[in-house]
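The values are calculated or read from the model by the stated rules, or taken from the named source; none is laboratory data. Quick caveat: nothing in here was measured; it's all calculated off a predicted structure. As a convention, Cβ positions derive from the backbone with ideal geometry for all residues, glycine included, and neighbour counts pool all protein chains shown. The protein model used for the area step is the full one, side chains on, heavy atoms only, and it has no ligands, DNA or RNA in it. Shrake-Rupley method; radii C 1.70, N 1.55, O 1.52, S 1.80 Å.
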Amino acid sequence: MKILSVVGARPNFMKVAPIHDELTKHDRFTSRIVHTGQHYDEEMSDIFFEQLGLPRPDEYLGVGSGDHADQTAEIMKAFKTVVETEAPDLVVVVGDVNSTVACSLVATKRQIPVAHVEAGLRSGDRSMPEEVNRIVTDRIADLLFVTEQSGVDNLRSEGVSDDKIAFVGNVMIDALVRFREKAAQTPIVDDLGLDEGGYVVMTMHRPSNVDEKDQLEVVLQTIQQICEDRPLVFPMHPRTEVRIEEFDLEEELGRIDGLQVLPPQGYIEFLALMDQAGAVVTDSGGIQEETTFLGVPCITLRPNTERPVTIREGTNELMELNPDAVSRQVVERMGRRMNGQTPELWDGHASARIVERIESAFSTRGFASK
(Lines give C-alpha, C1' and ligand atoms only; values in the text may rest on other atoms or scores of the structure.)
Protein backbone atom coordinates (compact mmCIF):
# COMPACT_ATOMS: atom_id res chain seq x y z
CA MET A 1 0.00 0.00 0.00
CA LYS A 2 1.47 3.33 -1.06
CA ILE A 3 0.83 6.21 1.31
CA LEU A 4 1.57 9.85 0.48
CA SER A 5 2.03 12.12 3.50
CA VAL A 6 1.76 15.84 2.80
CA VAL A 7 3.79 18.58 4.49
CA GLY A 8 3.24 22.23 3.69
CA ALA A 9 4.62 24.21 6.61
CA ARG A 10 7.28 23.54 9.23
CA PRO A 11 4.89 22.39 11.99
CA ASN A 12 3.77 19.66 9.60
CA PHE A 13 7.26 18.12 9.69
CA MET A 14 6.95 17.30 13.39
CA LYS A 15 3.60 15.62 12.77
CA VAL A 16 4.58 13.62 9.69
CA ALA A 17 7.99 12.46 10.98
CA PRO A 18 6.69 9.98 13.63
CA ILE A 19 3.99 8.71 11.26
CA HIS A 20 6.54 8.11 8.51
CA ASP A 21 8.83 6.32 10.97
CA GLU A 22 6.00 4.07 12.08
CA LEU A 23 4.90 3.29 8.53
CA THR A 24 8.42 2.21 7.59
CA LYS A 25 8.27 -0.48 10.31
CA HIS A 26 5.54 -2.27 8.35
CA ASP A 27 6.41 -4.17 5.19
CA ARG A 28 2.88 -3.67 3.95
CA PHE A 29 3.32 0.08 3.48
CA THR A 30 5.42 2.26 1.23
CA SER A 31 5.65 5.74 2.74
CA ARG A 32 6.38 8.71 0.52
CA ILE A 33 6.52 12.38 1.49
CA VAL A 34 5.23 15.29 -0.58
CA HIS A 35 6.39 18.81 0.34
CA THR A 36 4.13 21.40 -1.27
CA GLY A 37 6.52 24.25 -0.54
CA GLN A 38 3.69 26.35 0.89
CA HIS A 39 6.19 27.70 3.43
CA TYR A 40 9.74 27.11 2.39
CA ASP A 41 13.12 28.25 3.60
CA GLU A 42 15.85 26.01 2.24
CA GLU A 43 18.16 26.42 5.22
CA MET A 44 15.46 25.82 7.82
CA SER A 45 13.88 22.94 5.92
CA ASP A 46 17.26 21.24 5.73
CA ILE A 47 17.60 21.56 9.52
CA PHE A 48 14.16 20.08 10.13
CA PHE A 49 14.72 17.13 7.81
CA GLU A 50 18.09 16.43 9.43
CA GLN A 51 16.94 16.81 13.04
CA LEU A 52 13.72 14.82 12.66
CA GLY A 53 15.34 12.05 10.64
CA LEU A 54 13.01 12.62 7.69
CA PRO A 55 14.17 11.60 4.23
CA ARG A 56 14.26 14.27 1.59
CA PRO A 57 10.76 14.73 0.15
CA ASP A 58 9.96 12.36 -2.68
CA GLU A 59 8.12 15.22 -4.35
CA TYR A 60 8.69 18.95 -3.89
CA LEU A 61 6.02 21.13 -5.48
CA GLY A 62 7.59 24.55 -4.89
CA VAL A 63 4.30 26.40 -4.65
CA GLY A 64 5.52 29.22 -2.42
CA SER A 65 3.53 31.90 -0.63
CA GLY A 66 0.60 33.88 -1.94
CA ASP A 67 -3.05 34.75 -1.51
CA HIS A 68 -5.01 31.96 0.16
CA ALA A 69 -7.17 31.24 -2.89
CA ASP A 70 -4.28 31.40 -5.36
CA GLN A 71 -2.04 29.29 -3.15
CA THR A 72 -4.71 26.64 -2.62
CA ALA A 73 -5.36 26.48 -6.37
CA GLU A 74 -1.65 26.17 -7.19
CA ILE A 75 -1.23 23.37 -4.66
CA MET A 76 -4.21 21.52 -6.11
CA LYS A 77 -2.85 21.74 -9.65
CA ALA A 78 0.62 20.58 -8.64
CA PHE A 79 -0.64 17.80 -6.36
CA LYS A 80 -2.98 16.50 -9.09
CA THR A 81 0.09 15.68 -11.19
CA VAL A 82 1.73 13.87 -8.26
CA VAL A 83 -1.39 11.81 -7.63
CA GLU A 84 -1.62 10.84 -11.29
CA THR A 85 2.01 9.71 -11.27
CA GLU A 86 2.15 8.04 -7.86
CA ALA A 87 -1.33 6.46 -7.76
CA PRO A 88 -1.38 6.30 -3.94
CA ASP A 89 -3.70 4.10 -1.92
CA LEU A 90 -4.04 6.72 0.80
CA VAL A 91 -3.20 10.41 1.27
CA VAL A 92 -2.34 11.56 4.81
CA VAL A 93 -2.76 15.25 5.59
CA VAL A 94 -1.96 16.95 8.88
CA GLY A 95 -3.00 20.13 10.64
CA ASP A 96 -4.90 22.98 9.04
CA VAL A 97 -2.77 24.80 6.47
CA ASN A 98 -3.81 25.41 2.86
CA SER A 99 -1.88 22.33 1.75
CA THR A 100 -4.10 20.24 4.04
CA VAL A 101 -7.37 21.18 2.40
CA ALA A 102 -5.97 21.45 -1.14
CA CYS A 103 -4.48 17.95 -1.20
CA SER A 104 -7.56 16.50 0.48
CA LEU A 105 -9.76 17.93 -2.26
CA VAL A 106 -7.58 16.55 -5.04
CA ALA A 107 -7.45 13.08 -3.51
CA THR A 108 -11.18 12.96 -2.80
CA LYS A 109 -12.10 14.03 -6.34
CA ARG A 110 -9.97 11.15 -7.63
CA GLN A 111 -11.58 8.66 -5.21
CA ILE A 112 -8.40 8.26 -3.16
CA PRO A 113 -8.99 7.88 0.61
CA VAL A 114 -7.82 10.69 2.88
CA ALA A 115 -6.68 10.48 6.51
CA HIS A 116 -6.65 13.73 8.48
CA VAL A 117 -4.34 13.95 11.48
CA GLU A 118 -5.44 16.54 14.09
CA ALA A 119 -9.06 16.29 13.01
CA GLY A 120 -11.99 17.83 14.85
CA LEU A 121 -10.21 20.87 16.32
CA ARG A 122 -12.44 23.94 16.27
CA SER A 123 -11.92 27.52 17.43
CA GLY A 124 -15.42 28.62 16.44
CA ASP A 125 -13.88 31.52 14.52
CA ARG A 126 -14.39 31.24 10.76
CA SER A 127 -12.49 34.47 10.17
CA MET A 128 -9.38 32.29 10.63
CA PRO A 129 -8.46 30.57 7.34
CA GLU A 130 -7.25 27.60 9.36
CA GLU A 131 -10.74 27.05 10.75
CA VAL A 132 -12.22 26.83 7.26
CA ASN A 133 -9.46 24.41 6.23
CA ARG A 134 -10.24 22.18 9.23
CA ILE A 135 -13.95 22.08 8.59
CA VAL A 136 -13.67 21.33 4.87
CA THR A 137 -10.99 18.69 5.33
CA ASP A 138 -12.95 16.89 8.03
CA ARG A 139 -16.08 16.79 5.87
CA ILE A 140 -14.35 14.92 3.06
CA ALA A 141 -11.75 12.79 4.89
CA ASP A 142 -12.27 9.06 5.40
CA LEU A 143 -10.23 8.66 8.58
CA LEU A 144 -10.23 11.36 11.23
CA PHE A 145 -7.44 11.07 13.77
CA VAL A 146 -8.23 13.14 16.86
CA THR A 147 -5.87 14.57 19.49
CA GLU A 148 -8.33 15.42 22.27
CA GLN A 149 -11.90 14.63 23.33
CA SER A 150 -13.22 17.99 22.13
CA GLY A 151 -12.33 16.89 18.60
CA VAL A 152 -14.48 13.77 18.93
CA ASP A 153 -17.35 15.85 20.32
CA ASN A 154 -17.07 18.41 17.51
CA LEU A 155 -17.08 15.80 14.77
CA ARG A 156 -20.06 13.97 16.23
CA SER A 157 -22.00 17.24 16.53
CA GLU A 158 -21.28 17.86 12.84
CA GLY A 159 -22.76 14.51 11.91
CA VAL A 160 -19.58 12.52 11.28
CA SER A 161 -20.07 8.79 11.85
CA ASP A 162 -18.12 7.12 14.64
CA ASP A 163 -16.53 4.60 12.27
CA LYS A 164 -14.49 7.43 10.72
CA ILE A 165 -13.27 8.86 14.04
CA ALA A 166 -10.25 7.58 15.97
CA PHE A 167 -9.09 9.23 19.19
CA VAL A 168 -5.37 8.44 18.95
CA GLY A 169 -3.56 11.18 20.88
CA ASN A 170 -1.13 13.80 19.66
CA VAL A 171 1.64 13.10 17.14
CA MET A 172 3.31 16.41 18.06
CA ILE A 173 3.94 14.89 21.46
CA ASP A 174 5.41 11.78 19.81
CA ALA A 175 8.13 13.97 18.31
CA LEU A 176 8.63 15.87 21.55
CA VAL A 177 9.03 12.69 23.60
CA ARG A 178 11.52 11.32 21.11
CA PHE A 179 13.71 14.43 20.94
CA ARG A 180 13.36 16.00 24.39
CA GLU A 181 16.54 14.44 25.78
CA LYS A 182 18.53 15.48 22.72
CA ALA A 183 17.17 19.01 23.06
CA ALA A 184 18.28 19.12 26.69
CA GLN A 185 21.85 18.59 25.53
CA THR A 186 21.92 21.48 23.07
CA PRO A 187 23.78 24.52 24.45
CA ILE A 188 21.51 27.22 23.05
CA VAL A 189 20.28 28.45 26.45
CA ASP A 190 23.82 28.77 27.79
CA ASP A 191 25.02 30.28 24.52
CA LEU A 192 22.41 33.03 24.87
CA GLY A 193 23.51 33.74 28.45
CA LEU A 194 20.15 32.72 29.91
CA ASP A 195 19.28 31.02 33.18
CA GLU A 196 16.94 28.05 33.18
CA GLY A 197 13.47 29.16 34.26
CA GLY A 198 14.49 32.82 34.25
CA TYR A 199 13.52 33.95 30.75
CA VAL A 200 10.46 34.21 28.50
CA VAL A 201 10.09 32.85 24.97
CA MET A 202 7.76 34.63 22.56
CA THR A 203 6.48 33.66 19.11
CA MET A 204 4.08 35.90 17.21
CA HIS A 205 2.95 35.53 13.62
CA ARG A 206 -0.84 35.49 13.20
CA PRO A 207 -2.25 38.20 10.90
CA SER A 208 -4.52 39.50 13.66
CA ASN A 209 -1.42 40.32 15.74
CA VAL A 210 1.18 41.42 13.19
CA ASP A 211 -0.46 42.55 9.94
CA GLU A 212 -1.58 45.99 11.16
CA LYS A 213 0.96 48.56 12.34
CA ASP A 214 -1.05 49.65 15.38
CA GLN A 215 -1.43 46.07 16.56
CA LEU A 216 2.20 45.20 15.96
CA GLU A 217 3.24 48.26 17.95
CA VAL A 218 1.20 46.88 20.85
CA VAL A 219 3.13 43.61 20.51
CA LEU A 220 6.38 45.58 20.83
CA GLN A 221 5.01 47.42 23.86
CA THR A 222 4.19 44.05 25.41
CA ILE A 223 7.74 42.87 24.79
CA GLN A 224 9.09 46.07 26.30
CA GLN A 225 7.10 45.64 29.50
CA ILE A 226 7.97 41.96 29.88
CA CYS A 227 11.65 42.82 29.44
CA GLU A 228 11.49 45.22 32.38
CA ASP A 229 11.25 42.14 34.61
CA ARG A 230 12.69 39.23 32.61
CA PRO A 231 14.84 38.67 29.53
CA LEU A 232 12.84 37.64 26.48
CA VAL A 233 13.88 35.51 23.51
CA PHE A 234 11.98 36.18 20.28
CA PRO A 235 12.60 33.75 17.38
CA MET A 236 11.04 35.88 14.69
CA HIS A 237 8.68 34.36 12.14
CA PRO A 238 9.39 35.49 8.55
CA ARG A 239 5.92 37.05 8.33
CA THR A 240 6.57 39.15 11.42
CA GLU A 241 10.01 40.19 10.18
CA VAL A 242 8.50 41.43 6.92
CA ARG A 243 5.91 43.48 8.81
CA ILE A 244 8.54 44.96 11.16
CA GLU A 245 10.46 46.18 8.12
CA GLU A 246 7.33 47.31 6.26
CA PHE A 247 6.16 49.44 9.20
CA ASP A 248 9.67 50.83 9.94
CA LEU A 249 9.71 49.39 13.45
CA GLU A 250 13.26 47.98 13.41
CA GLU A 251 14.65 50.87 15.48
CA GLU A 252 11.86 50.61 18.05
CA LEU A 253 12.48 46.87 18.38
CA GLY A 254 16.23 47.37 18.67
CA ARG A 255 15.87 49.77 21.60
CA ILE A 256 14.33 47.16 23.91
CA ASP A 257 16.83 46.14 26.60
CA GLY A 258 16.75 42.48 27.59
CA LEU A 259 15.38 41.33 24.23
CA GLN A 260 17.18 38.82 22.04
CA VAL A 261 15.72 38.54 18.54
CA LEU A 262 16.64 35.27 16.84
CA PRO A 263 16.04 33.89 13.36
CA PRO A 264 13.63 30.94 13.13
CA GLN A 265 15.12 28.04 15.06
CA GLY A 266 15.49 24.37 14.32
CA TYR A 267 13.15 21.99 16.10
CA ILE A 268 15.76 20.83 18.64
CA GLU A 269 16.87 24.36 19.51
CA PHE A 270 13.36 25.68 19.90
CA LEU A 271 12.32 22.69 22.00
CA ALA A 272 15.26 23.43 24.31
CA LEU A 273 14.26 27.09 24.58
CA MET A 274 10.68 26.16 25.48
CA ASP A 275 11.57 23.39 27.89
CA GLN A 276 13.88 25.60 29.95
CA ALA A 277 11.78 28.78 29.81
CA GLY A 278 9.95 30.26 32.77
CA ALA A 279 7.01 31.11 30.52
CA VAL A 280 6.02 31.23 26.85
CA VAL A 281 3.95 33.94 25.15
CA THR A 282 2.57 32.94 21.76
CA ASP A 283 -0.24 32.97 19.24
CA SER A 284 0.65 29.53 17.86
CA GLY A 285 -1.56 26.47 18.06
CA GLY A 286 1.06 23.75 18.42
CA ILE A 287 3.04 25.59 21.08
CA GLN A 288 -0.02 25.52 23.33
CA GLU A 289 0.17 21.73 23.19
CA GLU A 290 3.93 21.43 23.61
CA THR A 291 4.06 23.73 26.64
CA THR A 292 1.19 21.77 28.21
CA PHE A 293 3.20 18.56 27.96
CA LEU A 294 6.40 20.26 29.14
CA GLY A 295 4.66 21.89 32.10
CA VAL A 296 5.71 25.40 31.05
CA PRO A 297 3.22 28.26 31.62
CA CYS A 298 1.82 29.48 28.30
CA ILE A 299 0.00 32.73 27.60
CA THR A 300 -1.75 32.70 24.23
CA LEU A 301 -2.57 36.12 22.79
CA ARG A 302 -5.75 35.13 21.00
CA PRO A 303 -9.48 35.41 21.80
CA ASN A 304 -10.03 31.69 21.24
CA THR A 305 -8.28 28.35 20.86
CA GLU A 306 -9.03 25.20 18.90
CA ARG A 307 -7.17 23.25 21.61
CA PRO A 308 -9.31 23.67 24.75
CA VAL A 309 -7.66 20.76 26.54
CA THR A 310 -4.54 22.93 26.91
CA ILE A 311 -6.59 25.28 29.09
CA ARG A 312 -8.76 22.75 30.88
CA GLU A 313 -5.95 20.34 31.74
CA GLY A 314 -2.76 22.05 30.63
CA THR A 315 -0.77 25.20 31.28
CA ASN A 316 -2.34 27.48 28.68
CA GLU A 317 -4.25 30.71 29.25
CA LEU A 318 -5.92 32.97 26.68
CA MET A 319 -5.40 36.73 27.02
CA GLU A 320 -6.09 39.88 25.05
CA LEU A 321 -3.10 41.74 23.69
CA ASN A 322 -2.79 44.19 26.58
CA PRO A 323 0.80 45.03 27.55
CA ASP A 324 0.10 45.76 31.23
CA ALA A 325 -2.05 42.69 31.80
CA VAL A 326 0.20 40.33 29.87
CA SER A 327 3.40 41.49 31.56
CA ARG A 328 1.79 41.15 35.01
CA GLN A 329 0.59 37.66 34.20
CA VAL A 330 4.01 36.63 32.93
CA VAL A 331 5.60 37.72 36.22
CA GLU A 332 2.93 35.91 38.22
CA ARG A 333 3.15 32.67 36.27
CA MET A 334 6.91 32.41 35.71
CA GLY A 335 7.88 28.83 36.51
CA ARG A 336 4.46 27.91 37.93
CA ARG A 337 1.89 25.48 36.55
CA MET A 338 -1.76 26.36 37.04
CA ASN A 339 -2.73 22.76 36.36
CA GLY A 340 -0.68 19.61 36.26
CA GLN A 341 -2.35 17.00 34.09
CA THR A 342 -1.09 15.57 30.81
CA PRO A 343 -4.03 15.11 28.42
CA GLU A 344 -5.26 11.62 27.65
CA LEU A 345 -3.14 9.61 25.17
CA TRP A 346 -0.44 12.28 24.94
CA ASP A 347 2.07 9.53 25.61
CA GLY A 348 4.37 9.39 22.59
CA HIS A 349 2.51 6.54 20.88
CA ALA A 350 -0.09 8.33 18.76
CA SER A 351 1.66 7.47 15.51
CA ALA A 352 1.58 3.75 16.33
CA ARG A 353 -2.17 3.98 16.94
CA ILE A 354 -2.62 5.85 13.66
CA VAL A 355 -0.79 3.22 11.63
CA GLU A 356 -2.67 0.44 13.40
CA ARG A 357 -5.98 2.07 12.45
CA ILE A 358 -4.86 2.58 8.85
CA GLU A 359 -3.87 -1.07 8.61
CA SER A 360 -7.20 -2.12 10.07
CA ALA A 361 -9.12 0.08 7.64
CA PHE A 362 -7.37 -1.46 4.64
CA SER A 363 -7.85 -4.96 5.98
CA THR A 364 -11.53 -4.71 6.87
CA ARG A 365 -12.99 -2.56 4.12
CA GLY A 366 -10.20 -1.34 1.88
CA PHE A 367 -11.97 2.01 1.60
CA ALA A 368 -14.02 0.48 -1.21
CA SER A 369 -17.10 2.45 -0.16
CA LYS A 370 -15.53 5.84 -0.92
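Inspection of region 68-78 finds no residue satisfying the criterion of being in contact (Cβ under 8 Å) with a residue 40 or more places away in the chain, open to solvent by 10 Å² or more (accessible area, probe 1.4 Å) and not in a helix (DSSP H, G or I).
So in region 273-321, with the set limited to residues that are of a type in the set (D, E, K, R), touching a Ser or Thr at 6+ places or on another chain (Cβ under 8 Å) and within 30 Å of ASP191 (Cα to Cα), which one is surrounded by the fewest Cβ atoms within 10 Å (Cβ to Cβ)? Applying the filter and picking the extreme gives GLU317. Touching a residue at least 60 places away in the same chain (Cβ under 8 Å), part of a helix (DSSP H, G or I), more than 24 Å from GLY151 (Cβ to Cβ) and open to solvent by less than 10 Å² (accessible area, probe 1.4 Å): does that describe VAL326? Against the criterion (touching a residue at least 60 places away in the same chain (Cβ under 8 Å), part of a helix (DSSP H, G or I), more than 24 Å from GLY151 (Cβ to Cβ) and open to solvent by less than 10 Å² (accessible area, probe 1.4 Å)), VAL326 qualifies. The criterion of at least 2 residues that are under 17 Å from the mean Cα position of the chain (by Cα) is met, among strands (runs of 3 or more DSSP E) falling completely within region 273-323, by 279-282, 298-300. Based on what the data block shows, is MET128 open to solvent by 10 Å² or more (accessible area, probe 1.4 Å), within 16 Å of the chain's Cα centre (by Cα) and hydrophobic (A, V, I, L, M, F, W, C)? So MET128 fits the description; yes. Within region 191-211, residues that are more than 12 Å from ILE287 (Cβ to Cβ) and open to solvent by 50 Å² or more (accessible area, probe 1.4 Å) reach partners that are among the β-branched types (Val, Ile, Thr) and not in a loop (DSSP other than H, G, I, E, B) with beta carbons closer than 9 Å, at six or more positions or on different chains, in the pairs ASP195/VAL189; GLU196/VAL189. For PHE234, indicate whether it is touching a residue at least 24 places away in the same chain (Cβ under 8 Å), among the hydrophobic types (A, V, I, L, M, F, W, C) and farther than 23 Å from LEU176 by Cβ. Taking the combined requirement at face value, the residue does not satisfy it.
Taking each residue of region 87-99 that is farther than 17 Å from GLY286 by Cα and assigned to a loop (DSSP other than H, G, I, E, B) and looking for partners that are of a type in the set (D, E, K, R) and open to solvent by 10 Å² or more (accessible area, probe 1.4 Å) with beta-carbon atoms closer than 6 Å, six or more apart or interchain, yields PRO88/LYS2; ASP89/LYS2.
The set of residues in region 230-245 that are within 18 Å of LEU192 (Cα to Cα), assigned to a loop (DSSP other than H, G, I, E, B) and either open to solvent by less than 60 Å² (accessible area, probe 1.4 Å) or out of contact with any strand residue (DSSP E or B) (no Cβ under 9 Å at 6 or more places or on another chain) (or both) comprises PRO231, MET236. Please work out if SER104 is more than 11 Å from VAL6 (Cβ to Cβ) and among the hydroxyl-bearing types (Ser, Thr, Tyr). In short, no. State whether the residues of region 246-261 include one that is in a loop (DSSP other than H, G, I, E, B), touching a residue at least 60 places away in the same chain (Cβ under 8 Å) and of a type in the set (Lys, Arg). Within region 246-261 (the criterion being in a loop (DSSP other than H, G, I, E, B), touching a residue at least 60 places away in the same chain (Cβ under 8 Å) and of a type in the set (Lys, Arg)), the answer is no, since none of the residues qualifies.
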